[in-house]
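Below is one structure, written out as structure tokens, with a few remarks after it.
The values are calculated or read from the model by the stated rules, or taken from the named source; none is laboratory data. Not measured: the values here are computed from a predicted model. Here the Cβ positions follow ideal geometry from the backbone for every residue, glycine too, while neighbour counts run over all protein chains shown.
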Amino acid sequence: MKKLRKDSKFTALSEEQRVELALYLEAHTLEDTQAWLAARGVKVSTQSISEYYRLHVLPGKWQRMAATAAVLSKVEGESVTDAAHRAVAQRVFELSTDPQADPELLAKFYKLMNDGQSTAQSERKLRLLEAKAAAADSAAAAIKDKTLSPAEKEARIKEIFGLN
């Protein structure tokens, strides 16, 4: 992250205000930010705000994202929840757009993301197979039930397999 020049108008802001500015920039337009800064006595162009964001806010954001990515990359694919999986996918996208991103870290994230997708597909297949097995067990029990007539057995089996 670059150091602010001594003659920069952003040096008039305290460290807390610069943190607040970084957060404000994430959710507001350059024009809104320009008005926000003017209310604090800092008159700058939207170009200056854009450069400040590019040189001073984004590098810090990328560092935080890389730190988060490093933590998430240690998570095993089998234990990733849906929410965590979406977070990993978002980090992969953000890292892929970061020109300073570590290619090895990005590759680890892609692997983690793919492993998570594979695990989710395996879990879905398992649920479907379990449902089929339960239906087959119910159908076998209906066939063996001596209290049911052949027509009742047939109706019960159709009901189990959703053939009504």
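Numbers below:
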quantity	calculated
Neighbours by Cβ (under 7 Å, 6+ apart or cross-chain): first from the range 89-113, farther than 18 Å from LEU58 by Cα; second among the basic types (Lys, Arg)	PHE109/ARG91
Filter result for LEU58 (part of a helix (DSSP H, G or I), surrounded by 14 or more Cβ atoms within 10 Å (Cβ to Cβ) and aliphatic (A, V, I, L, M))	yes
Extreme residue, surrounded by the most Cβ atoms within 10 Å (Cβ to Cβ), among residues of the range 142-164 that are part of a loop (DSSP other than H, G, I, E, B) and under 47 Å from the mean Cα position of the chain (by Cα)	PHE161
Hits in the range 97-149 (condition: β-branched (Val, Ile, Thr) and over 30 Å from ALA67 (Cβ atoms))	ILE143, THR147
Candidates GLU20, GLU26 - the one that is under 24 Å from ALA89 (Cα atoms) and among the acidic types (Asp, Glu)	GLU26
Residue in the range 24-33 that is over 29 Å from the mean Cα position of the chain (by Cα) and surrounded by 14 or more Cβ atoms within 10 Å (Cβ to Cβ) present	no
Set SER48, SER8, SER96, SER73: member being polar (S, T, N, Q), at pLDDT below 80 and more than 30 Å from THR119 (Cα to Cα)	SER8
Of all residues making up the range 22-35, the number that are at pLDDT 90 or above and either closer than 20 Å to ARG5 by Cα or part of a helix (DSSP H, G or I) (or both)	6
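Quick grid of which residues meet (1) out of contact with any helix residue (DSSP H, G or I) (no Cβ under 8 Å at 6 or more places or on another chain); (2) in a helix (DSSP H, G or I); (3) of a type in the set (D, E, K, R):
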| site | (1), (2), (3) |
| --- | --- |
| PHE93 | yes, yes, no |
| PHE109 | no, yes, no |
| SER118 | no, yes, no |
| ARG127 | yes, yes, yes |
| GLU130 | yes, yes, yes |
| ALA135 | no, yes, no |
| ALA140 | yes, yes, no |
